[in-house]
Structure formats: structure tokens, C-alpha cells
Amino acid sequence: MISSAFAQSAAGGASGFSLQGLLPFILIFIIFYFLLIRPQQKRVKQHKLMVESLKRGNKVLTAGGILGVVTKAIDGSETVSVEIASGVTVELARQMISEVRGDQKIKPEDKKSNSKKK
């Protein structure tokens, strides 16, 4: 049969649960939080504010790499109209705007001078 020494050692080893075993996992989670999770939450918050504040005349960069000028942005709407070339306007989801390059409006004279350069 089983000797009493084996029975006592098996019972004693299984009952141990300590904070020392969890400490490395807690430290790794804290490091991940400050290096990955928190900065990502800040970026998402900034992007949301930027998308909500889009207005007519903003120069924008889309997620697909297309530069354009916002021609129509209605508050509460999920889409904006962006002019990507002279006379070419597309509807984009607000979330697909990755960056606002500037908020100055392009004047008609600027469009004419840009077309002369080509």
C-alpha cells in the first residue's frame, strides 16, 4: 500500500497558493497596460475627436492614402463628401479619415495654379 510519507508530501504540495506565483503576471500586465493599452486608448480618443470636428474646407488624408478637401460635412452624419480632384467628389465614412492636414480652404486661384503646373 501507500506509505504515510508519500501521502503527507502529496497533500502538502497541492495546498500551496501564494502571491509570489502571481506577482510576475501582475507586473507583466501593468507593463502592457502602460506601454500598449493606454497609448492605444489615447489614439482612439484623439481620432474620434478629430473625426467629429471635421468641417468644410479641411484638407484630409484618407486611410487609403488619398488626399482631398472636405466639401460637405454634416454633424451627426456618418459620411463626409471629399473632393479628391477637380470636379471629383466621393462620399467617405468619417472613420476612414486618418489625418487632417489643415483647415484652410482652397481658393479657386489655387486650383488654377495647380492645374497649370502639370
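At a glance:
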{"quantity": "Contacts under 8 angstrom Cβ, first residue in segment 28-46 being over 20 Å from residue 98 (Cα atoms), partner surrounded by fewer than 10 Cβ atoms within 10 Å (Cβ to Cβ) and at pLDDT 95 or above, 6 or more apart", "calculated": "none"}
{"quantity": "Given (1) among the hydrophobic types (A, V, I, L, M, F, W, C); (2) assigned to a loop (DSSP other than H, G, I, E, B); (3) surrounded by fewer than 12 Cβ atoms within 10 Å (Cβ to Cβ), number of the condition residue 37 does not satisfy", "calculated": "(2)"}
{"quantity": "Qualifying residues in segment 82-97 (those that are within 12 Å of residue 62 (Cα to Cα) and more than 19 Å from the chain's Cα centre (by Cα)) - the one surrounded by the most Cβ atoms within 10 Å (Cβ to Cβ)", "calculated": "82"}
{"quantity": "Filter result (of a type in the set (Val, Ile, Thr) and either assigned to a strand (DSSP E or B) or touching a strand residue (DSSP E or B) at 6+ places or on another chain (Cβ under 6 Å) (or both)) within segment 66-98", "calculated": "66, 69, 70, 71, 79, 80, 82, 84, 88, 89, 90, 97"}
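The values are calculated or read from the model by the stated rules, or taken from the named source; none is laboratory data. Computed from a prediction, not measured in an experiment: that's the story for all the values here. Note that we place each Cβ from the backbone using ideal geometry, even for glycine, and neighbour counts take in every protein chain shown.
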